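Single-structure report; data block below.
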Amino acid sequence: MPSLAEEELFLPSTPGKFKDKSKTMHRQFHRCFASTSTMFLWALFLVALTAAYLSFQSFVDSGSKYFSAAWGGVHWEKQVRSSAQIHRHNGFSVLVTGAAGFVGTHVSLALKKRGDGVVGLDNFNDYYDPSLKRARRNMLESQNIFIVEGDINDARMLAKLFEVVPFTHVMHLAAQAGVRYAMENPHSYVHSNIAGLVTLLEACKNSDPQPAVVWASSSSVYGLNEKAPFSESDRTDRPASLYAATKKAGEEITHTYNHIYGLSITGLRFFTVYGPWGRPDMAYFSFTRNILQGKPITIYRGKNRVELARDFTYIDDIVKGCVGSLDTAKKSTGSGGKKRAPAQFRIFNLGNTSPVTVPMMVGILEKQLKVKAKKNVIEMPGNGDVPFTHANISSAQRELGYRPTTDLQTGLKKFVRWYLSYYGYNHGKSVK
Ligand SMILES: O=C(O)[C@H]1O[C@H](OP(=O)(O)OP(=O)(O)OC[C@H]2O[C@@H](n3ccc(=O)[nH]c3=O)[C@H](O)[C@@H]2O)[C@H](O)[C@@H](O)[C@H]1O
């Protein structure tokens, strides 16, 4: 029995008609209990809703759509640190973006070989067969190069990387490549070559010390330029493809970061790079595949039946140009987001200086593969292609000591040897 004092607590506040005290108490108790449990349920619901919202936010924040791979944690940091370890006097610690890509793999191996610390970054997207990227990664891992699986658009991951390692240099090679694919998927170019570039530069500018940045532009920025050979001072304001436009935008964007924040910047205009472990979307690679499989190849030709030509540049020469750029890059001058003094800004052509026509390139492949190609020659569709490229490399020669030494015949021979071995033609598959 409740005490009087307790009973009084449950008495109606307005006295009047007689009421059965115990019944009233019971009802009151139930009402109170019911409202408490309802409140409890509501609270539970709100907590669950908040938790769901927060985890959704963090999912969106980390951009899980793009950045599905895990990063962070003690073990991950240990791997990153160990990979960045320098093993030579005055060596560098280099973050190589696009490290599982064609140029990224070769540059990473060259740097590691001479004792620099190298940490790779790659999002392993499926623009072309990701199994080739995984195979390149295995090769890098066998040389103790750790590749972070992540996207250059992931600002939090980049901040963490720079927190773990005070990189001296960034070799930025991650990009959406390919001239003609830009008509199919324009946004992927904006995502990687513009938004991703800005996110990366933000991370570089915020880090202390700031790294020197060397990055891949493209010969395609010369666009409709007809003056040959192409010099760095020539017009680059008439791009023929969205790919070229995003690379040109990259040159302007990097200039801004150099100007405002004191980032040391070197942009490299690569001229149709080819070689072992190359990109399957490029003509020399897909032609090789089709020729071996007995499938036809399509050869574009220009107006008035003019043959298209490219200043094909062998990967080992490009690697020397990249390493030379890192070696001659001056330090960035900013810290804490502020420029202390003017910083270095350079742009170089890395080409071969001897354009070869596409039909001649096919002829070399036929000879190397000992198979005749089934050729389908058509007029160049309006797809962003330019009729020819031809590099003047005197600047790179002077400033970087860049001297390409591999002609197309020699380079394609090495490529074909690799291709046959990698795709198992030496072990069973027959070359017709
Ligand atoms: O220097 C660059 O900055 C760029 O180089 C490369 O572009 P491109 O020079 O266009 O190379 P690539 O596609 O191999 O076509 C070679 C030739 O074959 C012709 N070509 C191509 C395909 C085809 O089916 N038929 C054909 O005739 C085609 O018309 C062209 O004449 C990189 O892909 C690009 O990412 C960028 O780095």
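What follows draws every value from the coordinates through simple rules; no lab data is involved. Quick caveat, the model's predicted, so the values are computed rather than measured. Please note: Cβ atoms are built from the backbone with ideal geometry, for glycine as well, and neighbour counts cover all protein chains shown.
List of remarks:
- Distance histogram in 5 Å bins (all Cα pairs of the stretch 287-404, percent per bin): 2, 10, 14, 14, 13, 13, 11, 9, 5, 4, 3, 2, 0
- Extended-chain gain in nm, criterion 0.36 nm per residue less alpha-carbon gap, Glu399 and Asp385: 2.0 nm
- Sequence ranges 349-358, 179-188, ranked by mean other-Cβ count within 10 angstrom, highest first: 349-358, 179-188
- Distance from the alpha carbon centroid of the stretch 343-412 to that of the stretch 151-213 works out to 27 angstrom.
- Per-pair calculated FRET efficiency, R0 = 25 Å: Ser421 and His89 via Cβ, rounded to 0.05: 0.10
- Overall Cα dimensions of the stretch 307-362 - principal axes, largest extent first, Å: 53, 21, 16
- In this calculation the C-beta distance from Ser354 to Arg114 is compared with R0 = 30 Å, giving a FRET efficiency of 0.55.
- Computed on the Cα atoms alone, the convex hull of the stretch 116-258 gives a volume of 130 cubic angstrom per residue.
- FRET efficiency for the Ser142 to Leu44 pair, using the beta carbon distance and R₀ = 41 Å, is estimated at 0.20.
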